[in-house]
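Some notes on the structure that comes next.
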Amino acid sequence: MLESGAAVRRALLTRVFLLYCLSGFVSLGYQVAWFRIFTDRFGSTNLTFALVVCNFIGGLGAGALASQRVSDGLARGLGIRDRLRLYGVVELLVAASVLLTLLTRWIPADSWGAFPYVLRDGIYAPTRLYQLSQVGLAALCVFVPCFFMGDSP
């Protein structure tokens, strides 16, 4: 027996909505993973949590603000007219940009000098350049994927 067009459309929409919910669940998993990864780098402090949450929410907001422009540019550049396929491309961009977090581990340790610490009051502390670059890299690793998460066409 053949199914009616409305039943097929409803089944397809149900699958799409389930995948959309799964995408949101995975993004929260990314947030937890980023916090745990950056805990190793910065310590388990409220500042590490703030770094992750602020960049997560900020990336979502910035992506939502730029959503129309980015989606239209991707659609024109890739020649995609179907919004569902465009959403798939955006999800692939999220996944690809999440890999930035893993790539930062391969940055050579001597990129900031042989010993990026300075003696302050008898304690070796990281230089300002080293601190700012580490925070900048961490923020970039969270903000860019969240920007694409916010850009849901």
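In the condition set (1) touching a residue at least 60 places away in the same chain (Cβ under 8 Å); (2) over 15 Å from GLY59 (Cβ atoms), ALA138 is compliant with all but (2).
Remark: pairs (first residue in segment 1-30, modelled with pLDDT of 85 or more and of a type in the set (Gly, Ala, Ser); second residue assigned to a helix (DSSP H, G or I) and surrounded by 10 or more Cβ atoms within 10 Å (Cβ to Cβ); Cβ separation under 8 Å; 6+ apart in sequence or on different chains) = SER27/VAL94; SER27/CYS146; SER27/MET149. Out of SER133, SER71, one residue alone is farther than 23 Å from PHE35 by Cα and over 12 Å from the mean Cα position of the chain (by Cα). It is SER71. Taken together, the criteria place LEU93 among residues that are under 20 Å from GLN31 (Cβ atoms), in contact with a Leu (Cβ under 9 Å, 6 or more places away or on another chain), surrounded by 11 or more Cβ atoms within 10 Å (Cβ to Cβ) and not β-branched (Val, Ile, Thr). Do you know which residues across segment 26-41 are surrounded by 15 or more Cβ atoms within 10 Å (Cβ to Cβ) and over 12 Å from MET149 (Cβ atoms)? Passing the criteria: TRP34, PHE35, ILE37, PHE38. Pairs are defined by a Cβ separation below 6 Å, a sequence spacing of at least 6 or placement on different chains, a first member in segment 47-68 that is farther than 13 Å from CYS141 by Cα and without any contact (Cβ under 8 Å) to a residue 40 or more places away in the chain, and a second member that is basic (Lys, Arg) and surrounded by 21 or more Cβ atoms within 10 Å (Cβ to Cβ); no pair meets this definition. The helices (runs of 4 or more DSSP H) falling completely within segment 41-153 that include 2 or more residues that are small (Gly, Ala, Ser) and over 28 Å from CYS21 (Cβ atoms) map to 128-150.
The values are calculated or read from the model by the stated rules, or taken from the named source; none is laboratory data. These figures come from a predicted structure and were not determined experimentally. Neighbour counts are summed over all protein chains in view; Cβ atoms, including those assigned to glycine, are modelled from backbone coordinates with ideal geometry.
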